[in-house]
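In what follows, a single structure is set out as structure tokens and then discussed.
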Amino acid sequence: MARETWATRAGFILAAVGSAVGLGNIWRFPFITGQEGGGAFLFVYLLFVALIGFPAILVEFVIGRYTNLNPVGAIRELGSGAWHYLGWLFVAIGFVILSYYSVVAGWFLRYTLIGVTDGYALAGPEEAGQLFGTVTTGIDSLLFHAVFMALVIAIIAAGVRKGIEVGVKVMVPAIIVLLLGLAAYAFTLDASGAAYSYYLSPDFGYLVANWTSILPAAAGQAFFTLSLGMGVMITYASYLGEDRNLASDAGVIVALDTLIAVIVGFVVFPFLFAAGIEPGGPGASAIFVSLTSAFSTVPGGRILGIVFFAMVGIAALSSAISILEVLVSYLIDEVGVGRVPAAIAIGVAVFLLGVPVTVDLIFLDLYDGLADGVLLVLGSLLLALFVGWVIPDVAREELQKGIGDLGGLGTAWIWIVRIPIVIVVVVSLYLGIVDYADFLTGNFAEWLAAR
């Protein structure tokens, strides 16, 4: 069957940005920034994006465009021996991430509906916490998990041009407009100055004292938010023509994604400071509990809450379709299954894997810790080793298509992939494994013992 392609450059860039701009930027980024010291984390995160994220996204681009295949087929065509199995890692990562991603996205849909029907008139954080518990487990959580996955399946089933490309051309501009509007409003709050100081002023003493926590958190966040290490960018680049300038496209995608993540901080932290809420609340509940409390105290909070939660739901949808496309493209390319049945089959399997998260939030920590702290970083490490040491000539030549002779820049990129990226990612992977092992032997072991 003929392989689909992007109709326009804008469609590809918006799809890639849409993949990157999702829950990683708007749900995950603020609470991790709060947990890891505000400006100290932001400083390290921006360094990771510039020095590691940009070269790493090119790694996935060259593999995808050169092979015009899904990650499994692409690595099998380029590699040999044990490398054949690398593509399957990306399939596994996609399953794990999308399974809990869909559940969390369903929470945002539910909170949007709550704003429309009841508003956020809560007395304080305790009541907001009770609401969070009601929304995130049980029938409510299961139902909205199903609704969200049905939307993702429908878009993917429609195809690359008619589904993904049309969808992101609406969703991504909508996200940006809504986010800028919320940031402008947040600027008017009395507490915005203190919030910006916390967010933008790194405490280097705190950074030195907590680097073992900040480093893997920043690395995992950079990979998560740029959709690296899970095969998404390989898949999206496989629909590109050889006339595309991969470096230019990568620069636009990384810049837009990072800008949106930074703007999210300009939205969230002023609201928290205005409500007298300390940033850095624990885990998944931080944004929901903190912001619903904040929206109950600021003027126009109900409308602001509806806009915010709806915007995150849209962002989550634009990101989730990219992950499902990785899995669906495998069935299309390798098995010859039609797009519609492939989307339905994979979507239902992902939904079932996510069901435990709707029962107990310990499974969210179990899935997210494995995917973000270990698998994404491992995937990026193996891709860097593969491109830097196994197929450097192929990668350099592919990068030049649509650009022209890179001269020494092509060689410099290969050496950046070979050494600095590998070293930083190895350290981050080690720290991520240690952190996940602590969770398994600590909180998760205690949860199992209590059953």
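The values are calculated or read from the model by the stated rules, or taken from the named source; none is laboratory data. What you are looking at is a predicted structure, and each value in this text was computed from that prediction instead of being measured. Because the Cβ atoms are built from the backbone with ideal geometry, glycine has one as well, and the counts that use them run over all protein chains shown. These area figures cover heavy atoms from the full protein model, side chains too; ligands, DNA and RNA do not enter into them. Shrake-Rupley method; radii C 1.70, N 1.55, O 1.52, S 1.80 Å.
With the helix formula -39500 (n - 2.57) applied to DSSP H stretches of n ≥ 4, the chain reaches a computed 222 nm mean residue ellipticity of -23500 deg cm²/dmol. Rolling a 1.4 Å probe over the protein heavy atoms gives the chain an accessible area of 36 Å² per residue. Along the axis of the charge dipole computed for region 161-269 (Cβ charges of +1 for Lys and Arg, -1 for Asp and Glu, origin at the Cα centre), the listed residues I253, S192, I214 are led at the positive end by I253. Of the heavy-atom accessible surface of the chain (probe 1.4 angstrom), what whole percent is carbon and sulfur? After summing per-atom areas, the C and S share lands at 68 percent. A 1.4 Å probe, protein heavy atoms only, puts the accessible area of V394 near 40 Å². With a cut-off of 12 Å between beta carbons, the residues surrounding Q221 carry a summed charge of -3, where Lys and Arg count +1 and Asp and Glu -1. If R0 equals 22 Å, the separation of the Cβ atoms of T134 and L352 corresponds to a calculated FRET efficiency of about 0.40.
Region 317-352 and region 390-441 have Cα centres spaced 28 Å apart. Couplings 3J(HN,Hα) for region 329-342, derived from phi with the Karplus relation 6.51 cos²θ - 1.76 cosθ + 1.60 (θ = phi - 60°), are 4, 5, 5, 5, 6, 8, 10, x, 6, x, 4, 5, x, 5 Hz, where x marks Gly and Pro.
With θ taken as phi - 60° and the Karplus curve 6.51 cos²θ - 1.76 cosθ + 1.60 applied, the whole-hertz 3J(HN,Hα) list for region 386-402 is 5, 6, x, 10, 9, 10, x, 5, 4, 5, 5, 5, 5, 5, 6, 5, x Hz, x standing for glycine and proline. Between D203 and G39, A40, the built amide H atoms are under 5 Å apart, and every one of these is 5 or more places off in sequence or on another chain. Per-residue Karplus couplings for region 59-72, computed as 6.51 cos²θ - 1.76 cosθ + 1.60 with θ equal to phi - 60°, are listed in order as 4, 6, 4, 5, 5, x, 5, 5, 9, 6, 9, 5, x, 5 Hz, Gly and Pro entered as x.
Tell me whether region 7-74 comes out rounded, prolate or oblate; compute the Cα gyration tensor, take square roots of the eigenvalues as a ≥ b ≥ c, and use a/c under 1.5 as the rounded threshold. Judged from the Cα gyration tensor, region 7-74 comes out prolate (a/c at least 1.5, a/b above b/c).
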